[in-house]
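Notes follow once the structure below has been shown.
The values are calculated or read from the model by the stated rules, or taken from the named source; none is laboratory data. From a predicted model like this one, the values you see are computed outputs, not experimental measurements. For neighbour counting, all protein chains shown are included, and Cβ atoms are generated from backbone atoms with ideal geometry for every residue, glycine included.
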Amino acid sequence: MISRIGSILCLIMAGYFLATAGYALLNASDYAVGTARLMRYVIVPGAIGLIFLLVALFVKSDRRLLIGIYAFASLIGLFAFEAFLTWRSIQGSIGLAGFMQDKDASYERYQRSVPPTYTLKALNRDLKVPSLAEMIMGAVPGEEVLLCTRGGKPVSYVADRYGLRNPDEVHDAPVKLLLLGDSFTEGICLPEGEDIASQIRAEEPAMVNTGSRGAGPLYELAVLRRWGDKLRPEHSVIFFFEGNDWQNIRKELTFPFLTDALDPSKPVGPVASAVNSPEAINQLLMTWWGEQRQTLEGFLGRRSWRRNFFALQQSALVMGLHYPKATVDKPVYPQILHAARSTVDQWGGTLTLVYVPQVDRFVGLLPSASVYDELRIRVRDAADQAGLDFVDLVPLIEAQKSPRSVYAADAHFNAEGARLAAEAVLQHLGK
């Protein structure tokens, strides 16, 4: 009986680590590329799994039992720690789902615009918008947009005449600066005055912010082609987020309304049609709000937290052993930047790319910057080849006493992080 218990415990340990290595091999392009990832996700867990398998088969029963008990207890301890970190992470980011603590809170005032966790890119996808000219690039004009909740209280803004996050009067005068980017640029979960755009606007009022949650490089090129030619700003700034912009490209290439942006002969619009009519948009928004569940269950249902939990991702992150997926070559990215540069050249403007690091690179106990820098170097080189100015926020954040302190619990910039980004942009532009 003792021998059997020891064998079972050791086989559980062997199965867990061998499964980890097996998953990495099945997804080799993400996790088995380069020395660091190969060691972390394949060789080390594979070797540990093999050792426990050999212990289960060949070590004496009493020693096998002791090894199995100690190892299994350690694994249970890691999962308990992971559960704590996962719950803390959920608590920190649940506001992104728009969850309000007040049971009597009403979402009615926001239901004429896009719900939290939904994107304009998804709006065009679900409407089956066929072309760049018909693409919708803003929320419903004049309506209140719910960004998230902070401390259980809503954070929102009223969209301008084009559905963007700006004071409407900014469109009544010439524009000097155009911002393009994703949720960091839109200012997710940051009230007016705290977001990047607001802090830049304090020094440069003639600025239009087109930032939109879920946007990626190809989406931003589409926005630049449409609004850039209309506004003709002196300076255009694209924010590149290290966390998911590279992965966004693959999905964006499946949407014809975005791939049109790579073809300078394609009209940019906007063109009204049946697919992007107010009636079609309102009907889809009603469907989305009917599906939207601002609850903990609804939030968890949209995240891959189970897989991450069994992978001990949060624990690995704290230890500095969680690495981003490998940076797979994407030849289309330099094409996107060249197309963006050609666009601003039409009116003699300048174009700057701002690199926004993800919080994960600043969290771990062990140094892992070299793994994260694979993407950073690739993006910088692409910007140089396209003739773009490059502003790197990594050294600026690294210079802070606590780099982690410039990020909110939901992994976006807090007001201090937004201030650093805004000052970097202004300084680069000589403001």
Which of the residues that make up the range 219-236 are under 18 Å from Tyr118 (Cα atoms) and in contact with a Lys or Arg (Cβ under 9 Å, 6 or more places away or on another chain)?
Tyr219
For Leu78, state whether it is within 21 Å of Trp305 (Cα to Cα), outside any loop (DSSP other than H, G, I, E, B) and not assigned by TED's automatic domain parsing to the domain that holds Cys148.
yes
Listed residues Leu396, Leu365; which is loosely packed, with under 14 Cβ neighbours inside 10 Å and of a type outside the set (Gly, Ala, Ser)?
Leu365
Against the conditions (1) of a type in the set (Val, Ile, Thr); (2) in a helix (DSSP H, G or I); (3) touching a strand residue (DSSP E or B) at 6+ places or on another chain (Cβ under 7 Å), where does Thr343 fall short? Just the number, please.
(3)
Can you find, within the range 1-37, the residue that is surrounded by the most Cβ atoms within 10 Å (Cβ to Cβ) among those that are of a type in the set (S, T, N, Q) and touching a residue at least 12 places away in the same chain (Cβ under 8 Å)?
Thr20
Out of the helices (runs of 4 or more DSSP H) lying entirely within the range 357-431, which hold 2 or more residues that are within 24 Å of Ser93 (Cβ to Cβ), modelled with pLDDT under 95 and out of contact with any Leu (no Cβ under 7 Å at 6 or more places or on another chain)?
369-386
Members of the range 25-67 found to be touching a Lys or Arg at 6+ places or on another chain (Cβ under 8 Å) and of a type in the set (Gly, Ala, Ser), listed by number
Ala56
If you go through the range 11-25 one residue at a time, do you hit one that is more than 36 Å from the chain's Cα centre (by Cα) and in a helix (DSSP H, G or I)?
yes
Would you say Phe72 is aromatic (Phe, Trp, Tyr), surrounded by 16 or more Cβ atoms within 10 Å (Cβ to Cβ), assigned to a helix (DSSP H, G or I) and out of contact with any strand residue (DSSP E or B) (no Cβ under 9 Å at 6 or more places or on another chain)?
yes
Report yes if Val344 is within 21 Å of the chain's Cα centre (by Cα), assigned by TED's automatic domain parsing to the domain that holds Gly320 and modelled with pLDDT of 95 or more, otherwise no.
no
Boolean, Arg109 is at pLDDT 80 or above, touching a strand residue (DSSP E or B) at 6+ places or on another chain (Cβ under 7 Å) and in a helix (DSSP H, G or I):
yes
Specify which of the listed residues (Ile69, Ile76) is farther than 23 Å from Ala316 by Cβ and at pLDDT 90 or above.
Ile69
Residues satisfying the stated conditions in the range 164-207, i.e. of a type in the set (Asp, Glu) and farther than 14 Å from Leu429 by Cβ
Asp168, Glu169, Asp172, Asp182, Glu186, Glu192, Glu194, Asp195
Is it the case that some residue within the range 115-124 is farther than 30 Å from Gln313 by Cα, in the same structural domain as Thr259 (by TED's automatic domain parsing) and surrounded by fewer than 17 Cβ atoms within 10 Å (Cβ to Cβ)?
no
Taking the range 319-331, which residues are surrounded by fewer than 17 Cβ atoms within 10 Å (Cβ to Cβ) and either within 18 Å of Tyr219 (Cβ to Cβ) or hydrophobic (A, V, I, L, M, F, W, C) (or both)?
Met319, Val328
